[in-house]
Amino acid sequence: MEEAAEELGKAFDRVPDLYDTHRPGYPEEMIQEVLRFSNIPERGSILEIGCGTGQATKPFAERGYTMTCLDPGPNTAEKARQKFRHCPNIIIVTATFESWQAAQMYDLIIAATSFHWVTPGLRFTKSAEGLRPGGTLALLYNSHVAKDSGFFLEAQAIYDRIAPGLRAKKAKPSGSPATEAGMELFDKPVLKYYDWEKQFSAEDYVSHLATFSDHISLPGTQRDELFRELRALINSKYNGRVAKCYKSELVMYAKPATRFKA
């Protein structure tokens with residue numbers, strides 16, 4: 001699974017500027033809930049797993065928390081490093097969570113649409129080891145909720161013709177498992193959901209798609225044809241705009257304040 005994370009890092013690492021510009025962040029209400037639930041102290045410490053170019057990093061960094069942020073892609077990590085170069089409280093490390101060795105324990109660990117890439121059987125165990133007693137592991141996810149009508153129905157027909165087997169972006173399971181080794185080290189998880197919407201121009205929408213690993217891996221001519229037709233559809237039939245509806249999921253695990261559970 002570490003190899004899969006490294007390959008993912010390589011895919012995203014090819015488009016750090018697009019990723020930084022066109023990947024959405026997370027609802028403010030979600031960030032507020034993480035802070036409330038974790039009860040992280042002022043100037044508390046955060047470890048972020050798979051920070052990318054810093055979409056989820058920013059709201060925590062702006063609040064003054066000390067953050068160590070891991071990402072396997074050297075270009076995406078460098079993009080984040082440059083973005084937060086004026087923030088002495090932020091350290092960006094080019095590494096997978098599996099290979100990284102903690103030098104301290106943290107008040108909060110966050111993983112924004114990245115925890116599913118970490119090795120099962122290790123991710124909860126290593127997270128628990130890296131948290132102080134009473135600390136919190138917070139998993140943030142964005143899922144696209146697409147109706148099978150309108151633009152997304154027509155877009156799927158384009159996918160079926162040009163890139164068979166590649167689905168138009170729709171909601172996926174969050175990746176937060178029901179049971180897994182290491183989960184017994186935490187209290188029962190708490191789940192929260194947030195519905196929101198983001199508007200895209202035709203150009204911004206295809207640029208957004210260009211940040212997904214399955215689209216990145218398409219042959220260049222095939223990807224160009226797909227994007228050309230999607231762009232034309234948005235401009236010709238949808239007034240140059242498309243709304244993407246999201247359901248964001250927050251899963252929070254508290255480490256017991258006294259000791260690990262047996």
Next on the checklist: Tell me the residue from THR76, THR21 that is modelled with pLDDT under 95, part of a helix (DSSP H, G or I), in contact with a Gly (Cβ under 9 Å, 6 or more places away or on another chain) and hydroxyl-bearing (Ser, Thr, Tyr), please.
Outcome noted: THR76
Checklist outcome for this item: Of (1) loosely packed, with under 15 Cβ neighbours inside 10 Å; (2) assigned to a strand (DSSP E or B), THR258 satisfies every one except (2)
Checklist entry - Of the residues in segment 39-73, how many are part of a helix (DSSP H, G or I) and either in contact with a Pro (Cβ under 8 Å, 6 or more places away or on another chain) or crowded, with 22+ Cβ neighbours inside 10 Å (or both)? => result 2
Checklist entry - Which residues, counting only those in segment 192-208, are hydrophobic (A, V, I, L, M, F, W, C) and either touching a Phe, Trp or Tyr at 6+ places or on another chain (Cβ under 7 Å) or under 30 Å from PHE37 (Cβ atoms) (or both)? => result TRP196, VAL206
Checklist entry - If you take the residues of segment 115-145 that are farther than 24 Å from ILE40 by Cβ and touching a strand residue (DSSP E or B) at 6+ places or on another chain (Cβ under 7 Å), which of them is modelled with the highest pLDDT? => result SER143
Next on the checklist: If the requirement is being among the hydroxyl-bearing types (Ser, Thr, Tyr), modelled with pLDDT of 90 or more, surrounded by 14 or more Cβ atoms within 10 Å (Cβ to Cβ) and within 19 Å of the chain's Cα centre (by Cα), which of these qualifies: TYR159, TYR205?
Outcome noted: TYR205
Item to check | Matching residues in segment 89-98 - criterion: being assigned to a loop (DSSP other than H, G, I, E, B) and either basic (Lys, Arg) or touching a strand residue (DSSP E or B) at 6+ places or on another chain (Cβ under 9 Å) (or both) | outcome: ASN89, ALA95, THR96, PHE97
Item to check | Residue tally, condition part of a loop (DSSP other than H, G, I, E, B), among the polar types (S, T, N, Q) and closer than 22 Å to HIS215 by Cα, over segment 102-148 | outcome: 2
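The values are calculated or read from the model by the stated rules, or taken from the named source; none is laboratory data. Just so we're clear, the structure is a prediction, and the values are computed from it rather than from any experiment. Cβ sites come from the backbone with ideal geometry, for glycine too, and all protein chains shown count toward neighbours.
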